[in-house]
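Below is one structure; the comments refer to it alone.
The values are calculated or read from the model by the stated rules, or taken from the named source; none is laboratory data. Keep in mind it's a predicted model, so treat the numbers as computed, not measured. Heads up, the Cβs are rebuilt from the backbone with ideal geometry, glycines too, and the neighbour counts pull from every protein chain shown.
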Amino acid sequence: MNHPAELALHQYMENAVKGTSTMSDTTIKQVADDVADAITRQFGSGKTRGDFRLRMSNVGRPTCQLWYEKNKPEVALPFPTTFVMNMMIGDIVEAVFKGLLKEAGVKYNDTEKVTLDLGTTRINGSYDIVINDAVDDIKSASDWSYRNKFESYDTLAAGDGFGYVGQLAGYAKASGKRAGGWWVVNKANGQFKYVPADNLDMDKELDKINKTVATVEENKFERCFEPVPEKFRGKETGNKILNDGCRFCSYRFDCWPDLTERPAVKSQAKNPPTVSYIGDVIG
């Protein structure tokens, strides 16, 4: 285990399985209020999704994606009908997880709005929790992301298209706290773990944030990732495929006009995986 609170949480959950745990009325109300706030935010806020501004939750993302959000939001792939429900699940997980921490005896400071002052620009956001003077984020993840992306800080940082590292660094700097890490809940089976930001270089991340702000203000587009060679059984096929950093980008088809998503041409599987090809495809 990577955090002292993990043991307390597992003990509380073990008691819950046995039917010997309780949850106070105060905590139940806290969870219910947080869920109600989330429902209002996701379904009844009246706010337009996609209004661009730099904020803690996006300042760590690739600058090419931010350029599109600012200048060409209309070319984004439409949100699937499951989008809001998925966001809602994340909000509910966070609300319940905070309640579990409280009942497990873990002392923490709850969500607080903070501002990162960069001179000409101020970036706002709200961190999730602070435990032992360290800022932590609570994330819900698919089974694949839980096992692979959130295996460690290094695996997260290596493919951080959602900007989680920059987000945490921004919260820490703005609040004057240490960067703690991520509490991650597997949406597929309820597993949870703590991933410490043990190799986070604060100076490096703040420098990246400053460069992101400058790039957004300059408003100049430049791709952040280049295509990579496709490999099949360890050998290159001669095809180029989309970089992993672009995989979940809503603007990938506008950014790469010759992008096609089709079954892997070399695969002999009954249900071959879908591959994002750039340019002409060699069969």
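Tally up the residues in region 65-80 that are surrounded by fewer than 19 Cβ atoms within 10 Å (Cβ to Cβ) and in a helix (DSSP H, G or I), please.
5
Would you point out the residue of region 14-64, among those that are basic (Lys, Arg) and surrounded by 13 or more Cβ atoms within 10 Å (Cβ to Cβ), that is farthest from residue 105 (Cα to Cα)?
Among those that are basic (Lys, Arg) and surrounded by 13 or more Cβ atoms within 10 Å (Cβ to Cβ), it is 61.
Under 7 Å between Cβ atoms, at least 6 apart or on separate chains: pull out the pairs that start in region 66-89 with a residue that is modelled with pLDDT of 90 or more and end on any residue that is surrounded by 12 or more Cβ atoms within 10 Å (Cβ to Cβ) and of a type in the set (D, E, K, R).
Every condition considered, the pairs that remain are 72/254; 75/254; 89/187.
What about residue 130, is it in a strand (DSSP E or B), out of contact with any Lys or Arg (no Cβ under 7 Å at 6 or more places or on another chain) and over 21 Å from residue 65 (Cα atoms)?
no
For the list (1) touching a strand residue (DSSP E or B) at 6+ places or on another chain (Cβ under 6 Å); (2) among the β-branched types (Val, Ile, Thr); (3) not in a strand (DSSP E or B), I need the number of the one condition that residue 155 fails.
It is condition (1) that residue 155 fails.
Just to verify a result, which residue in region 1-49, among those that are closer than 20 Å to residue 91 by Cα and of a type in the set (Val, Ile, Thr), is modelled with the lowest pLDDT?
48
If we scan region 4-17, do we find a residue that is of a type in the set (Gly, Ala, Ser), touching a helix residue (DSSP H, G or I) at 6+ places or on another chain (Cβ under 7 Å) and part of a loop (DSSP other than H, G, I, E, B)?
No - not one qualifying residue is present in region 4-17.
If you go through region 236-272 one residue at a time, how many are under 19 Å from residue 78 (Cα atoms), modelled with pLDDT under 95, hydrophobic (A, V, I, L, M, F, W, C) and surrounded by fewer than 17 Cβ atoms within 10 Å (Cβ to Cβ)?
Adding up the residues that qualify gives 1.
So if I check each of 149, 102, 139, which one is free of Cβ contacts under 8 Å to residues at least 12 places away in the same chain and of a type outside the set (Val, Ile, Thr)?
Answer to the selection: 149.
Enumerate the strands (runs of 3 or more DSSP E) found wholly within region 169-259, keeping only those where 1 or more residues are touching a strand residue (DSSP E or B) at 6+ places or on another chain (Cβ under 7 Å) and either farther than 26 Å from residue 146 by Cα or without any contact (Cβ under 8 Å) to a residue 40 or more places away in the chain (or both).
Of the strands (runs of 3 or more DSSP E) lying wholly inside region 169-259, those with at least 1 residues that are touching a strand residue (DSSP E or B) at 6+ places or on another chain (Cβ under 7 Å) and either farther than 26 Å from residue 146 by Cα or without any contact (Cβ under 8 Å) to a residue 40 or more places away in the chain (or both) span 228-232, 235-241.
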